[in-house]
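Inspection log for the structure reproduced underneath, given as structure tokens.
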Amino acid sequence: MTAPSASLLSADLSLSLYKTLYMTRRCEETIVRIYPEDNMKTPMHMSMGQEAVSVGVCRAIGGNGDVIASYRSHATYLAQTEDHGSFFGELHGRTNGTADGKSGSMHLADIPKGMLGSTGIVSAGIPVAMGAAFANKQKSPGRVAAAFFGDGATDEGVFWETLNASCAMKLPMMFVCEDNDLAVHTRKSERQGFNSLVEVVRKYKCDVYEDDTNDVESIYALTRKAIEKMISSGQPAFLNIKTYRYLEPCGTMQDSDAPYRRAEEDAYWKGRDCVALQRKRLLASGLAEKDLLKVEGDINAAIEKSVAAAKAAPHPGADLLSYGVFYETP
Amino acid sequence: MTNQSLQKALSYREALNKAMHDAMAASDKVLLFGQGVNDHKGIFGTTSGLADKFGAQRLIEVPLAEEGMTGICIGAALNGAYPINIHIRADFVLLAMNQIINLAAKYKYMFGGLFDIPMMIRLVIGRSWGQGAQHSQSLQSLFAHIPGLTVIMPASSGAIVDSYAHAVQKHRGTVISFEHRLMYDLTFERDHEPEVLGKTPFSQRRVRAGTDVTIVSTSIMSLEARRAADWLADRGISCDVIDLHCVSHIDHDVIMKSVGRTGRLLVADTSWLPYGVSAEICRIVCQNDPGALKAPVVSLGMAPAPCPTAKALEDIYYPNLTTLTDSIATLVRGKNHGIDLPHERSMADVYKRFKGPF
Ligand SMILES: Cc1ncc(C[n+]2csc(CCOP(=O)(O)OP(=O)(O)O)c2C)c(N)n1
């Protein structure tokens, strides 16, 4: 296990970041445990391993911004909203979910909390986030918008169209590339005709930031820097954050022995697991383990409550089937 | 026309693998393009093993670039290749509509007939439980609307093997094939293959002959129609079930002859009703002989909404065997038909358990 550097953040913030990281991880561990019960009839694209990106970035946005996630939406949704009650409700297809159970795992949203949605179509949310940045620039100066997407999404034309347009229009738009090197089972090197996305993006009129630490505090600090610069310069920011997906591309199972996996890579990233790293840092900073266990125990209990509430919540009734279809009668 | 190429019972998935294999074996011009064609899952097993046999250079692992890759396939087709472009969800091809509709469908016509665009686009309808709004759509009528495209929806292993061979070896235009994921694990027996009602493997098929009501169906709804018809046959209602198969090119005679005999029509499609297959079948009947009908047409398809994820809603979003059987019985005997109905609320559950043979 990599040793974490000493924290440069306040003790409160360090602990708070850990709580969100731990909560996100624990929610997904809970999914892994109870998915076989077959009560959550939705495909799962798990964030596990990648949580530091969403937790660090969303905390840096700190409520003063809007985000759009990809279908790998769990960590982003949970980091932005801290609401695992609606989360488990939605995954269970119940009326206490984010969309009465109609959206499942791929389309999580909470507009008041600046979670503007997540989409099952790779790259489709990127221009939508730019639209949010456009509106923010007009009506709420200082408020930013961020699109989370994988390295696979950068293959798509709409990524480049949006990058170009936001640079040309000077929007407070943050591109957050969760670079796990993989699109399903295919590596960047097989899909991309250049060596470094970051080098290409540098040619655009935006500020480019990189991180490969898997350390939530570094990601937080980097994003704070990016946001401050974005607000002062009026240029978009591009964050390329290296990370690693622990589970299969879609589903809750391990696939460490699948041919596309590399044992060294797996060991390298699991040796710098973002949750363990932050936990270690807190202990090294003098926090007593029993206090930390108490924090974790409270989170575990709250999550169990959310799961129980989801299972007890009503199923949506037939009246909800056509609710929200635009436009029912013009 | 009989089914020569299909020698034994095959699952839909095996038939797809065989069809890809046969196409690549028949001509080295056949190239497979798609995200995942060459990974260890091999597009649900339908491209597995082909790289070993034919070389990885013929199974092209592509970037996530649906529109671009479609244009690349068109260019390759112009220049002598037969590209097969595969999307694991039909929903993803929406990014490529420009190339398909503005180019592939029109290239021959716009240039005075100079060019053919022989290629195939395989699209999987992702329906299963929980696939939701963006991973389950049945988009056949979007494409069938466009002159210049041929749209098929194979509903058996034989339909796949024969139609894909025909597409690759004989047809000179772009074929869009919708494969239904719920059928992938079903086994189809050679002896039970529907009768082909025309000259080519793209022609309509008769799943079952009957006299009381015509059921025109697409894709997996043809299997459902067959099951409903079997149920009703034991209860005195005789259904004439036509599997449309090629939804873009419909032989009016096939529909009119059947409706002329039965006087009643039910259309069971996998998609939404407005502007869709049901609307088209009604157009055909109304234009040819509106007097052929003794009763108003009934059409079944998805509810007019995006697909909900919650199982409770998904189960009422799609028609099921109970609603289909009830609709047929009501059409033939009236509301108080008194026929007992099969109790089956979720098609996805049934097809996950039930593997055939059909
Ligand atoms: C337009 C589109 N094409 C293909 C897919 C199928 N698909 C789902 S996830 C995925 C890989 C995306 O990789 P990346 O953007 O790196 O995100 P990651 O899964 O690694 O988080 C693909 C190809 C899709 N959902 N949408």
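The values are calculated or read from the model by the stated rules, or taken from the named source; none is laboratory data. Because the structure is predicted, anything quoted here is derived from the model rather than measured. Every residue, glycine among them, receives a Cβ derived from its backbone with ideal geometry; neighbour counts consider all protein chains shown.
Restricting the search to strands (runs of 3 or more DSSP E) fully inside region B:59-146 and requiring at least 2 residues that are within 15 Å of the ligand (Cβ to nearest atom), away from every other protein chain (no Cβ under 14 Å) and at pLDDT 95 or above gives B:119-125. Listed by position, the helices (runs of 4 or more DSSP H) contained in region A:159-253 that have at least 2 residues being among the charged types (D, E, K, R) are A:188-191, A:216-233. Scanning region A:263-299 for residues that are of a type in the set (D, E, K, R) and within 25 Å of A:SER70 (Cα to Cα) returns A:GLU265, A:ASP266, A:LYS270, A:ARG272, A:ASP273. Residues of region A:255-298 that are outside any helix (DSSP H, G or I), closer than 16 Å to A:MET48 by Cβ and touching a Leu at 6+ places or on another chain (Cβ under 8 Å): A:ASP255 alone. Checked against the criterion of being in contact (Cβ under 8 Å) with a residue 24 or more places away in the chain and under 26 Å from A:SER105 (Cβ atoms), the candidates A:ALA318, A:ALA237, A:ALA309, A:ALA301 yield just one match: A:ALA309.
Check A:PHE159, A:PHE134, A:PHE194 and return the single one that is aromatic (Phe, Trp, Tyr) and either surrounded by 20 or more Cβ atoms within 10 Å (Cβ to Cβ) or within 12 Å of the ligand (Cβ to nearest atom) (or both). Spell out the reasoning first.
On the way: A:PHE134 fails: either surrounded by 20 or more Cβ atoms within 10 Å (Cβ to Cβ) or within 12 Å of the ligand (Cβ to nearest atom) (or both); A:PHE194 fails: either surrounded by 20 or more Cβ atoms within 10 Å (Cβ to Cβ) or within 12 Å of the ligand (Cβ to nearest atom) (or both).
That would be A:PHE159, the only listed residue that is aromatic (Phe, Trp, Tyr) and either surrounded by 20 or more Cβ atoms within 10 Å (Cβ to Cβ) or within 12 Å of the ligand (Cβ to nearest atom) (or both).
Any residue that is closer than 29 Å to A:GLY317 by Cβ, in contact with an Asp or Glu (Cβ under 9 Å, 6 or more places away or on another chain) and at pLDDT 95 or above - is there at least one of those in region A:10-31?
Let us first name the residues in region A:10-31 that are closer than 29 Å to A:GLY317 by Cβ, namely A:27, A:30-31.
From what's left, in contact with an Asp or Glu (Cβ under 9 Å, 6 or more places away or on another chain): A:30.
Filter once more, keeping what is at pLDDT 95 or above: A:30.
Yes; the residues of region A:10-31 include at least one that is closer than 29 Å to A:GLY317 by Cβ, in contact with an Asp or Glu (Cβ under 9 Å, 6 or more places away or on another chain) and at pLDDT 95 or above.
What number of residues within region A:201-220 satisfy the criterion of being charged (D, E, K, R) and buried (at least 19 other Cβ atoms within 10 Å of the Cβ)? Qualifying residue count for the region: 3. Would you confirm whether any residue within region A:199-215 is more than 17 Å from the chain's Cα centre (by Cα), within 16 Å of the ligand (Cβ to nearest atom), farther than 30 Å from A:LYS280 by Cα and within 14 Å of chain B (Cβ to nearest Cβ)? No: zero hits. Any chance region A:132-149 includes a residue that's in a loop (DSSP other than H, G, I, E, B) and within 11 Å of chain B (Cβ to nearest Cβ)? For region A:132-149, residues in a loop (DSSP other than H, G, I, E, B) and within 11 Å of chain B (Cβ to nearest Cβ): absent. For first residues located in region B:32-45 and within 11 Å of chain A (Cβ to nearest Cβ), partners that are of a type in the set (Asp, Glu) and lie 6+ apart or on another chain with Cβ distances below 7 Å form the pairs B:VAL37/B:GLU61; B:ASN38/B:GLU61.
Exactly one residue out of A:SER118, A:SER123, A:SER103, A:SER70 is within 16 Å of the ligand (Cβ to nearest atom) and without any contact (Cβ under 8 Å) to a residue 24 or more places away in the chain, and it is A:SER103.
Can B:PHE44 be described as within 16 Å of the ligand (Cβ to nearest atom), of a type outside the set (Lys, Arg) and assigned to a strand (DSSP E or B)?
On the way: within 16 Å of the ligand (Cβ to nearest atom): yes; of a type outside the set (Lys, Arg): yes; assigned to a strand (DSSP E or B): no.
For B:PHE44, the condition - within 16 Å of the ligand (Cβ to nearest atom), of a type outside the set (Lys, Arg) and assigned to a strand (DSSP E or B) - is not met.
With respect to A:VAL176, is the statement that it is more than 16 Å from the ligand (Cβ to nearest atom) and either within 26 Å of A:SER256 (Cα to Cα) or away from every other protein chain (no Cβ under 14 Å) (or both) true?
Spelling it out, it is not the case that A:VAL176 is more than 16 Å from the ligand (Cβ to nearest atom) and either within 26 Å of A:SER256 (Cα to Cα) or away from every other protein chain (no Cβ under 14 Å) (or both).
When B:ALA268, B:ALA209, B:ALA228 are checked against the criterion of being surrounded by fewer than 18 Cβ atoms within 10 Å (Cβ to Cβ), on the phi < 0 side of the Ramachandran plot, modelled with pLDDT of 95 or more and aliphatic (A, V, I, L, M), a single residue qualifies: B:ALA209. Among residues of region A:81-104 being under 16 Å from the mean Cα position of the chain (by Cα) and assigned to a loop (DSSP other than H, G, I, E, B), the one that is nearest to the other protein chains (Cβ to nearest Cβ) is A:ASP83. Here A:ALA284, A:ALA263, A:ALA288, A:ALA312 are screened, and the one residue that is at pLDDT 95 or above, more than 14 Å from chain B (Cβ to nearest Cβ), out of contact with any helix residue (DSSP H, G or I) (no Cβ under 6 Å at 6 or more places or on another chain) and within 21 Å of A:PHE88 (Cα to Cα) is A:ALA312. Output the residue which, of all residues in region B:47-58 that are within 13 Å of chain A (Cβ to nearest Cβ) and in a helix (DSSP H, G or I), is farthest from B:MET20 (Cα to Cα). Residue satisfying both the conditions and the ranking: B:ALA56.
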